[in-house]
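Take a look at the structure set out below.
The values are calculated or read from the model by the stated rules, or taken from the named source; none is laboratory data. From a predicted model like this one, the values you see are computed outputs, not experimental measurements. With ideal geometry, Cβ positions are generated from the backbone for all residues, glycine too; neighbour counts draw on all protein chains shown. Ligands, DNA and RNA are stripped out before the accessible areas are found, and what is left, the full protein with its side chains, is counted by its heavy atoms. Shrake-Rupley method; radii C 1.70, N 1.55, O 1.52, S 1.80 Å.
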Amino acid sequence: MLWHRAAASLSLAYQNLAPFLIQKAFGKLKTMASIWIYTDDGAANIDLVVNGVKETLQTLALQDTYAVELIKADDIANISTSSVKLLIVPGGRATPYVKKLAGNGCHNIDQYIQQGGRYLGFGAGAYFASRSVEFEKGSALEICRNNQLEFFPGIARGTVYPGFEYNANGGATAANVLLEDLLANQLTVNCCRLYYNGGCEFVPASQSSVAMHEIQVLARYKDKVSSDDNSWSGAAIIKCSVGNGLAVLSGVHPEFPVNQFDKSKYSSELLSVLQEYENTRKSLMSVLINILL
């Protein structure tokens, strides 16, 4: 009899406790910090970006800490430092970003970063977050404008390498990138070859301005580095302090895993070079994510 009573008591206790345990479990899921990837008009190669980010989180053993979510322009209205740890704006075309996010969208992103959020912009996402854009100036593809976002208070100027075409990979190349101390010391190498197609270099409007002291060059295009001692020459990846937040902007693509490329769309020579530097690319992407998280 005593055994039956004890079993009945345990059963009743479990029934009372079960809803609480379920609520706690689901509560944790709901409050898991998110990494948002912007996928609205203009965004390209989303599969490569998502796979690259998830691969990096696994490398850092953070796959159970952050939920990767694909978002649209309308979702930006709900961005908050309490739930979103990092906003990633990928490559593609920046003009549709500007059109979709003009006004409130850009304001919400700016406030999110100012209040302690994190931003990672690749390619078009880097152009979009720079004060001024000079893209293919003097050509039929020319786009010159000032942007609402000013995480980099200078000029995003491109292209760096010739041959760019919209919706094509004819201008794609493996950019030779020199790593500055913050990256080189952690990776124990000082150079890398990374996928490039139409990205920018970062040119200060004035090197003496107070705002430029909040910017750190992380990597430079080797082919654009001048002979004089100019830390901004050929800036390819930069880190920007913005209020209480941070932004990392990149004209190259360390987020693309080479084994995820569609081999029918890229030359075997390009893929071979990228494969040679794949381990360095993975490590570099891990360092960049670590800086932001």
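Label-to-label distance for residue 293 and residue 185 is 2.3 nm, based on points extended 7 Å past Cα in the beta-carbon direction.
When a/c is below 1.5 the answer is rounded, else prolate if a/b is larger than b/c, else oblate, so apply that to the range 84-206 with a ≥ b ≥ c taken from the square roots of the Cα gyration tensor eigenvalues. Because a/c hits 1.5 or more and a/b fails to exceed b/c, the range 84-206 counts as oblate.
Ranked by solvent-accessible area (1.4 Å probe, protein heavy atoms only, all chains present), the residues 213, 107, 253 order from largest to smallest as 213, 107, 253.
Straight-line reach from residue 224: taking Cα to Cα under 17 Å and skipping same-chain neighbours fewer than 8 places apart, the aspartates and glutamates in range are 134, 136, 180, 201. The translational diffusion coefficient of the range 137-229, from Stokes-Einstein at 10 °C and 1.306 mPa s with a Kirkwood hydrodynamic radius over alpha carbon pairs, comes to 105 µm²/s. Model label points for residue 141 and residue 205, set 7 angstrom from Cα along the Cα-to-Cβ axis, are 2.6 nm apart.
Relative contact order for the chain using alpha-carbon pairs under 8 Å, separation at least 6, rounded to a whole percent? Intermediate values should be presented prior to the final figure.
Details: 565 pairs, mean separation 50.1, N = 293.
Relative CO of the chain lands at 17 percent.
For the range 30-84, applying the loop criterion from DSSP together with a ceiling of 16 other beta carbons within 10 Å to the trypsin sites (Lys or Arg not before Pro) yields 72. Phi angles across the range 190-198 convert, under the Karplus curve 6.51 cos²θ - 1.76 cosθ + 1.60 with θ = phi - 60°, into 3J(HN,Hα) values of 10, 8, 7, 10, 10, 4, 9, 7, x Hz, Gly and Pro given as x. Only the Cβ atoms of Lys and Arg (+1) and of Asp and Glu (-1) were treated as charged; on that basis the dipole of the chain about its Cα centre amounts to roughly 860 debye. Taking all protein chains together, 122, 164 sort by accessible area into 164, 122, largest first [probe 1.4 Å].
Quote the relative contact order of the range 66-218 in percent (integer), defining contacts as alpha-carbon pairs under 8 Å separated by 6+ residues.
Over the range 66-218, the number comes to 18 percent.
Separation of the alpha carbons by more than 31 angstrom is noted, of 72/222; 85/137; 54/137; 100/265; 72/282, for 72/222; 85/137; 54/137.
Relative to one another, the C-alpha centroids of the range 263-293 and the range 69-137 are positioned 23 Å apart. Taking N as the number of residues in the range 147-293, what is its Cα Rg relative to 2.2 N^0.38 Å? Normalised by 2.2 N^0.38 Å, the Cα Rg of the range 147-293 equals 1.05.
What number, in percent, do you get for the relative contact order of the range 101-182 if the mean sequence gap of Cα pairs under 8 Å and at least 6 apart is divided by its residue count? Rounded, it is 22 percent for the range 101-182.
With N as its number of residues, the chain has a Cα radius of gyration that, divided by 2.2 N^0.38 Å, comes to 1.17.
What do you get for the angle between helix 104-114 and the principal long axis of the chain? Use alpha-carbon atoms, 0 to 90 degrees, nearest ten. Computed tilt is about 80 degrees. Against the main long axis of the alpha-carbon atoms of the chain, helix 2-31 sits at an angle near 20°.
Residue-normalised convex hull volume from the C-alpha trace of the range 47-126: 95 Å³ per residue.
Once the mean 1/r over all distinct Cα pairs of the range 215-291 is inverted, what Kirkwood radius in angstroms do you read off?
14.3 Å
Subtracting the Cα-Cα distance of residue 241 and residue 216 from 0.36 nm times their residue separation leaves 8.1 nm of extension gain. For the chain, build the charge dipole from Cβ charges (+1 Lys, Arg; -1 Asp, Glu) around the Cα centre, then report which of 58, 190, 119 sits farthest towards its positive end. Farthest towards the positive end: 58.
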